[in-house]
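Take a look at the structure set out below.
The values are calculated or read from the model by the stated rules, or taken from the named source; none is laboratory data. None of the values given here were measured: they were computed from a predicted structure. All Cβ positions, glycine included, derive from the backbone under ideal geometry; neighbour counts span all protein chains shown. Just the protein is used for accessible areas: all its heavy atoms, side chains included, with ligands, DNA and RNA removed. Shrake-Rupley method; radii C 1.70, N 1.55, O 1.52, S 1.80 Å.
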Amino acid sequence: MMLLLQVAADTTQKIIDTAHQATQQLAKIPEEELRFGDLLIKGGWVMVPIGILAVLGLVIFFERFFTIRKASKDESHLMSQVRSSIHSGDLQSAIAICRNSNSPLGRMLQKGLLRIGRPIKDIEGAIENVGKLEVSKLEKNIGIIGIVAGIAPMFGFLGTIAGVIKIFYDISKTDNISMGVISGGLYVKMVTSAAGLFVGIIAYVCYHILNMMVDKVILKLETDAIEFIDLLEEPSK
């Protein structure tokens with residue numbers, strides 16, 4: 001009986017020692033790092049159009065952002081100078097001030113000043129037409145960012161679907177349906193979906209930021225245009 005217990009104890013100790021050695025050996029194996037750059041490369045050819053869309057969207061966003069911000073600067077001094085010139089009867093000075101301002105509001109007021117002497121409705125119509133042209137200039141290419149927001153996720157899904165098709169095609173050829181083969185190829189192909197969604201979300205946010213900025217400029221131009229029309233009607237009150 002004692003001999004059996006001794007054999008069992010020795011066997012148990014050997015098993016523990018073997019497990020300990022195996023654990024130490026596994027700990028020495030370096031883990032494969034998941035690098036962001038490697039994932040982008042493994043995403044395949046679909047990453048190229050997604051990258052082009054990302055660059056295009058960012059370029060347009062920053063170009064429009066600074067243009068709209070410049071157009072939304074405070075023009076209270078311009079209105080004050082124009083009001084002062086009109087009150088003093090110096091119409092040419094007011095026109096020169098608007099021309100030199102080189103701003104959407106300045107061009108609107110200049111058109112209105114050039115129509116002085118005609119009915120107020122004609123002046124309002126001229127200012128409104130110039131305002132529409134200025135707003136269309138501010139909105140130039142903003143729609144492209146909206147297109148990027150819609151197309152980028154589609155390219156991502158296209159890359160994933162193409163990758164899944166390739167995985168199952170390889171399985172049909174090799175007859176290897178191991179989980180390692182399927183998951184190893186699938187996680188790489190899903191990178192395209194993640195990249196497409198990321199670019200789409202950023203473009204969507206940028207698109208609405210620019211639209212909100214344009215809306216603020218439109219409201220400001222409309223307010224200043226009404227103030228200018230009221231200024232022209234003051235002498236007739």
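For the reader, a short list of remarks on this structure follows.
Table: residues versus (1) part of a helix (DSSP H, G or I); (2) modelled with pLDDT under 85.
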| site | (1), (2) |
| --- | --- |
| Thr11 | yes, yes |
| Leu40 | yes, yes |
| Trp45 | no, yes |
| Leu58 | yes, no |
| Lys70 | yes, no |
| Lys73 | no, yes |
| Gln110 | yes, no |
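- Selection of the stretch 131-144 for residues being of a type in the set (A, V, I, L, M) and open to solvent by 30 Å² or more (accessible area, probe 1.4 Å) yields Leu133, Ile144.
- The one condition from (1) of a type in the set (Val, Ile, Thr); (2) open to solvent by 60 Å² or more (accessible area, probe 1.4 Å); (3) farther than 30 Å from Gln81 by Cα that Ile116 does not meet is (3).
- Hey, Ile147 open to solvent by less than 90 Å² (accessible area, probe 1.4 Å) and either assigned to a helix (DSSP H, G or I) or in contact with a Lys or Arg (Cβ under 8 Å, 6 or more places away or on another chain) (or both) or not: no
- Tabulated pairs, the stretch 71-82, first without any contact (Cβ under 8 Å) to a residue 40 or more places away in the chain and within 17 Å of Ile95 (Cβ to Cβ), second surrounded by 10 or more Cβ atoms within 10 Å (Cβ to Cβ) and among the polar types (S, T, N, Q), C-beta under 8 angstrom, 6+ apart or interchain: Leu78/Ser101; Leu78/Ser103
- Residue list for the stretch 84-93, restricted to those being closer than 20 Å to Val130 by Cα and at pLDDT 85 or above: Gln92
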